[in-house]
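Novice: Pasting a structure below so you can have a look.
The values are calculated or read from the model by the stated rules, or taken from the named source; none is laboratory data. All values reported here derive from a predicted model rather than from experimental measurement. Methodologically, a virtual Cβ is constructed for each residue, glycine included, from the backbone with ideal geometry; neighbour enumeration extends over all protein chains shown.
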Amino acid sequence: MRDAGIILGAAIVGWILGVIIEKYIIRRIRGLSKSTRTRIDDIIVKSIHNLVPLWIILALIAFVLSFTSLKPHIISYINKVILVIFMYSGVVVAARMAAEFVREYMRSFEDVLPPSTLLINVTKIVVYVVGILMILHTLGISIAPILTALGVTSLAVALALQDTLSNLFAGLQLIVARQLRPGDYIRLEDGLEGYIEDITWRNTIIRALSNNLIIVPNSKLAQSTIINHYKPDTELNFTVEVGVSYDTDLKKAEKVALEEAKKLLNEVEGGVPEFEPFVRFYEFGDSSINMKVFLRAKEYVYQFMLKHEFIKRLKERFDKEGIEIPFPIRTVYLKNGLQPPDEA
């Protein structure tokens, strides 16, 4: 009972000291690290978050063991447990730091490596696997048979998890190819569209304009025909179709449409003022001569407001200029004054 009380007391004292250090000293260090130019100190402080109390508890327990009457083999066993916990916490810190460095690298070189949680999670897994193998080696456990067993079982796992691995490697392919990245607005061949939220180890998460999430397996996405509205840049051209009557002076209609288009791109948010809008007449319709007005938006979603405003402005201007936008009509001419037969 006395030995257990000593160990418990050491754990309590260690926890209290750890909380005090974490709350006051580490927090102060975290505040100072934010004022420095480098990000390394921020990453280190963030990586050891909530682990300081554990380390102090382990250190105090290891220290007080020499004051107990426990048998040597029990003390040796407890020391090994302390060592394993301490080493595993070090692996946790290493995994956190590696993940943060990968995240910082992706932020710094977004054109080379788009940001994604997939690469971050893969980095963590690699660090954990290497760390656990090092712990086993430190405990005197031979890792050669383990590596051999892993090699044999990996084949069976690969066969059993074909779909999962297919999605994993498809996700890596999407990231490395740099054709898609979080934040891009895409449209799939089946009509689904939205912003890419993230590319995970299994799925690509897309947020539609309705604010719903679309979950697409990476393997399916890699095999789909995709329109990326953010490649090669975010700006895109769009058209507004309008018809004018056959009596209209087409040069005047074109001039009015261009004037309103230029005003729109300069006055409405999302328009590209540097773009020169243009008009193309393309069809002799049943009741109108149809034309397309070509405009440019800074991003995909801006086109909807620009279309909305342009239609209102163009209708108002056409009314002012006496330019008719006809509704569909059909004129029937009766030859030789014949009347249509009476309905039965």
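Novice: For L213, state whether it is under 22 Å from L118 (Cβ atoms), without any contact (Cβ under 8 Å) to a residue 60 or more places away in the chain and more than 13 Å from the chain's Cα centre (by Cα).
Specialist: Taking the combined requirement at face value, the residue does not satisfy it.
Novice: Only residues that are of a type in the set (A, V, I, L, M) and within 21 Å of F327 (Cβ to Cβ): list them for the stretch 243-288, please.
Specialist: Selection gives V244, L250, A253, V256, A257.
Novice: Sticking with this one: Looking only at residues that are among the aliphatic types (A, V, I, L, M) and surrounded by fewer than 19 Cβ atoms within 10 Å (Cβ to Cβ) in the stretch 298-322, which one is farthest from R187 (Cα to Cα)? Steps first, answer last, please.
Specialist: Initially, the stretch 298-322 is screened for residues among the aliphatic types (A, V, I, L, M), giving 301, 305-306, 311, 314.
This time we only want the ones that are surrounded by fewer than 19 Cβ atoms within 10 Å (Cβ to Cβ), so: 301, 305, 311.
On the way: V301: 13, M305: 19, I311: 25 Å.
The extreme case among them is I311.
Novice: Hey, can you tell me all the residues within the stretch 1-51 that are closer than 21 Å to I78 by Cβ, under 39 Å from the mean Cα position of the chain (by Cα), among the hydrophobic types (A, V, I, L, M, F, W, C) and crowded, with 16+ Cβ neighbours inside 10 Å?
Specialist: The one that is closer than 21 Å to I78 by Cβ, under 39 Å from the mean Cα position of the chain (by Cα), among the hydrophobic types (A, V, I, L, M, F, W, C) and crowded, with 16+ Cβ neighbours inside 10 Å: L51.
Novice: Of G171, G243, which residue is surrounded by 15 or more Cβ atoms within 10 Å (Cβ to Cβ) and in the same structural domain as K312 (by TED's automatic domain parsing)?
Specialist: Result: G243 is the single residue among G171, G243 that is surrounded by 15 or more Cβ atoms within 10 Å (Cβ to Cβ) and in the same structural domain as K312 (by TED's automatic domain parsing).
Novice: Suppose the filter is β-branched (V, I, T) and buried (at least 16 other Cβ atoms within 10 Å of the Cβ); does V81 pass it?
Specialist: no
Novice: For the stretch 188-206, how many residues are closer than 18 Å to Y230 by Cβ and in a loop (DSSP other than H, G, I, E, B)?
Specialist: 2
Novice: Separate question: Got a sec? Which helices (runs of 4 or more DSSP H) wholly within the stretch 15-105 have at least 3 residues that are free of Cβ contacts under 8 Å to residues at least 24 places away in the same chain and farther than 28 Å from L133 by Cα?
Specialist: Ranges flagged: 27-34.
Novice: Answer yes or no: is there a residue in the stretch 171-183 that is at pLDDT 80 or above, in a helix (DSSP H, G or I) and in contact with a Ser or Thr (Cβ under 8 Å, 6 or more places away or on another chain).
Specialist: Checking the stretch 171-183: not a single residue is at pLDDT 80 or above, in a helix (DSSP H, G or I) and in contact with a Ser or Thr (Cβ under 8 Å, 6 or more places away or on another chain).
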